[in-house]
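Peer 1: Shown below is the structure under consideration.
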Amino acid sequence: MFSNLPILPADPLWGLSAAFRHDPRPSRIDLVVGVYRDATGITPVLDVVKAAERRLAMEAPSKAYRSLAGNVDFNDGMAKLLLGADPARLARQFTMQTIGASGALRLLADLVARANPEATVWSTDPAYVNHRPLMEAARLRVNHYRWRERGGVVDVEAVLDDLAAARRGDIVLLHGCCHNPTGIDLPLEGWTAVAELCANRGLVPLVDIAYQGFGDGLDEDAAGLRLLVDRLETVLVSASCSKNMGLYCERTGTATVIAADAPALRAIPGTLERITRSNYSMPAEHGAAIAAALLADPEPWRCELEGMRRRVVGLRNALADALERLGLPEEMCGLRHHKGMFSLLPLGPDAMTRLREEFAIYGTQTGRINIAGLHPDQIEPVAHALARVSSADRRSVAA
Ligand SMILES: Cc1ncc(COP(=O)(O)O)c(C=O)c1O
């Protein structure tokens, strides 16, 4: 039965991580995988998560099935986290627990495919590696718009030029903050311009906000999303507790649909529940119960998250300082302006291979590095290695 199936190549990111694990050099540095690491190099379970898990173990009354939409307290808490405690916004939304942001993206793609199978999804170029596969799995077409840097923020004109080809009913897939892989974010004026474009052309934004709290802060990072919600009738949102609560393997996230008003949402809960019912029935409770506890008493969590955010900003600035001291050009030092864990270095695959083979520094072949994977002691050696491979890279481009 399965003999006709082609043997597919291994996922390149997981392949690089495996190569890292087998690298015997003690100086090896993993800047590949998109997870936060603390000063000891591990991806920690947050203290607030451990405390919530202890309470759940003692107090959880039952493991009986929950609702098809998942944990309702969690859904309410996430809606407030995303949209703020604004009753007008909250009255226009329906939020449903999903299997991480990946599950939310797929669920929303399935919803779009049911409502408008002709829709094209416009995704950034470069994009998060799984955006295209998730959208195409729902049989939606995918096109790209440029996501380029200009003075530390996105070149909004390039975005608007490319999106001029989008048709009414198309989806604009945006990263709410901390763009993966570039780290370049939209300034607030850019969000205004995108909102105007969507309003004038009948486009629907799908905001993937997987890193809320890692850019400038929880509310600051949601400012663009909230602006869209205030100016447009329809907005879709996928959110994740993987990064900002460190609940990666608990697969906890939400899909939110915002419509013009409450009556316009009538068909949404039933449709979303029908889609998940025929797939995995309902999401798992544990991660959502933890997240609901964090959201019910948010200050200790906000404080721990802020510590993670500051650590990444500190590492980013230290690396940018070191690159500047070595006299590298602005295009290399510009990572100071980026947000979140990632930056896309202006380095080609040859330079990234050299970085790995000669200096035991692992980034992706496309030039993405995860700043959160660095230890302060590694800043200088990484900066020197980047200086070596980038000057050779520039010479080869010039030749
Ligand atoms: C931009 C973006 N969206 C979505 C996801 C998926 O997140 P989750 O682990 O919650 O499925 C990631 C994970 O790396 C991501 O970077």
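The values are calculated or read from the model by the stated rules, or taken from the named source; none is laboratory data. Not measured: the values here are computed from a predicted model. Neighbour counts run over all protein chains shown; Cβ positions are idealised from the backbone, glycine included.
Peer 1: Can you tell me which residue in segment 111-126 is nearest to residue 34 (Cα to Cα), limited to those that are surrounded by fewer than 20 Cβ atoms within 10 Å (Cβ to Cβ) and within 16 Å of the ligand (Cβ to nearest atom)?
Peer 2: The qualifying residue nearest to residue 34 (Cα to Cα) is 126.
Peer 1: Right, another one. Quickly run through segment 174-190 and pick out the residues that are over 21 Å from residue 108 (Cα atoms), in contact with a Leu (Cβ under 9 Å, 6 or more places away or on another chain) and surrounded by 21 or more Cβ atoms within 10 Å (Cβ to Cβ).
Peer 2: Result: 181, 182, 183, 184, 186.
Peer 1: Do we find a residue being farther than 17 Å from residue 338 by Cβ and either of a type in the set (A, V, I, L, M, F, W, C) or at pLDDT below 95 (or both) anywhere in segment 176-186?
Peer 2: No, segment 176-186 has no match at all.
Peer 1: A further question on this structure: Just the residues that are in contact (Cβ under 8 Å) with a residue 40 or more places away in the chain and either assigned to a loop (DSSP other than H, G, I, E, B) or surrounded by fewer than 19 Cβ atoms within 10 Å (Cβ to Cβ) (or both), please, taken from segment 152-173.
Peer 2: Result: 152, 153, 162, 166, 167, 169, 170.
Peer 1: Do we have residue 35 as surrounded by 15 or more Cβ atoms within 10 Å (Cβ to Cβ) and not in a loop (DSSP other than H, G, I, E, B) here?
Peer 2: It is false that residue 35 is surrounded by 15 or more Cβ atoms within 10 Å (Cβ to Cβ) and not in a loop (DSSP other than H, G, I, E, B).
Peer 1: Just to confirm my filter: which strands (runs of 3 or more DSSP E) fall fully inside segment 189-304 and include at least 3 residues that are touching a Phe, Trp or Tyr at 6+ places or on another chain (Cβ under 7 Å) and free of Cβ contacts under 8 Å to residues at least 24 places away in the same chain?
Peer 2: Ranges flagged: none.
Peer 1: So, one more: If only one of 188, 140, 163 is more than 20 Å from the chain's Cα centre (by Cα), more than 16 Å from the ligand (Cβ to nearest atom), hydrophobic (A, V, I, L, M, F, W, C) and more than 30 Å from residue 282 (Cα to Cα), which one is it? First the steps, then the outcome.
Peer 2: Values: 188 fails: more than 20 Å from the chain's Cα centre (by Cα); 140 fails: more than 30 Å from residue 282 (Cα to Cα).
Sole residue among the options that is more than 20 Å from the chain's Cα centre (by Cα), more than 16 Å from the ligand (Cβ to nearest atom), hydrophobic (A, V, I, L, M, F, W, C) and more than 30 Å from residue 282 (Cα to Cα): 163.
Peer 1: Hey, among 100, 84, 70, which residue is away from the ligand (no atom under 15 Å from the Cβ), at positive phi and not aliphatic (A, V, I, L, M)?
Peer 2: On inspection, the qualifying residue turns out to be 84.
Peer 1: If you check residue 177 against the conditions, is it among the hydrophobic types (A, V, I, L, M, F, W, C), within 16 Å of the ligand (Cβ to nearest atom) and not in a strand (DSSP E or B)? Full working, then the answer.
Peer 2: On the way: among the hydrophobic types (A, V, I, L, M, F, W, C): yes; within 16 Å of the ligand (Cβ to nearest atom): yes; not in a strand (DSSP E or B): yes.
Yes: the conditions hold for residue 177.
A quick yes/no check of all residues on (1) surrounded by 20 or more Cβ atoms within 10 Å (Cβ to Cβ); (2) out of contact with any Leu (no Cβ under 8 Å at 6 or more places or on another chain):
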residue: 48; (1), (2): yes, no
residue: 53; (1), (2): no, yes
residue: 69; (1), (2): yes, no
residue: 75; (1), (2): yes, yes
residue: 85; (1), (2): no, yes
residue: 107; (1), (2): yes, no
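Peer 1: Kindly provide the set of residues from segment 291-306 that are surrounded by 13 or more Cβ atoms within 10 Å (Cβ to Cβ) and farther than 17 Å from residue 95 by Cβ, ordered by number.
Peer 2: 293, 300, 301, 302, 304, 305, 306
Peer 1: If residue 353 passes every condition in (1) more than 16 Å from residue 311 (Cβ to Cβ); (2) crowded, with 24+ Cβ neighbours inside 10 Å but one, which one does it miss?
Peer 2: Looking at each condition in turn, residue 353 falls short on (2).
Peer 1: Let me ask something else. Can we say residue 205 is at negative phi, under 21 Å from the mean Cα position of the chain (by Cα) and either in the same structural domain as residue 329 (by TED's automatic domain parsing) or more than 16 Å from the ligand (Cβ to nearest atom) (or both)?
Peer 2: no
Peer 1: Pick from segment 216-245 the residues that are within 11 Å of the ligand (Cβ to nearest atom) and small (Gly, Ala, Ser): which of them is farthest from residue 93 (Cα to Cα)? Talk me through it step by step, then tell me what you get.
Peer 2: Here is the first cut: in segment 216-245, the ones within 11 Å of the ligand (Cβ to nearest atom) are 238-245.
Filter once more, so that each one left must be small (Gly, Ala, Ser): 238-240, 242.
Details: 238: 13, 239: 14, 240: 17, 242: 22 Å.
Across segment 216-245, the extreme among qualifying residues is 242.
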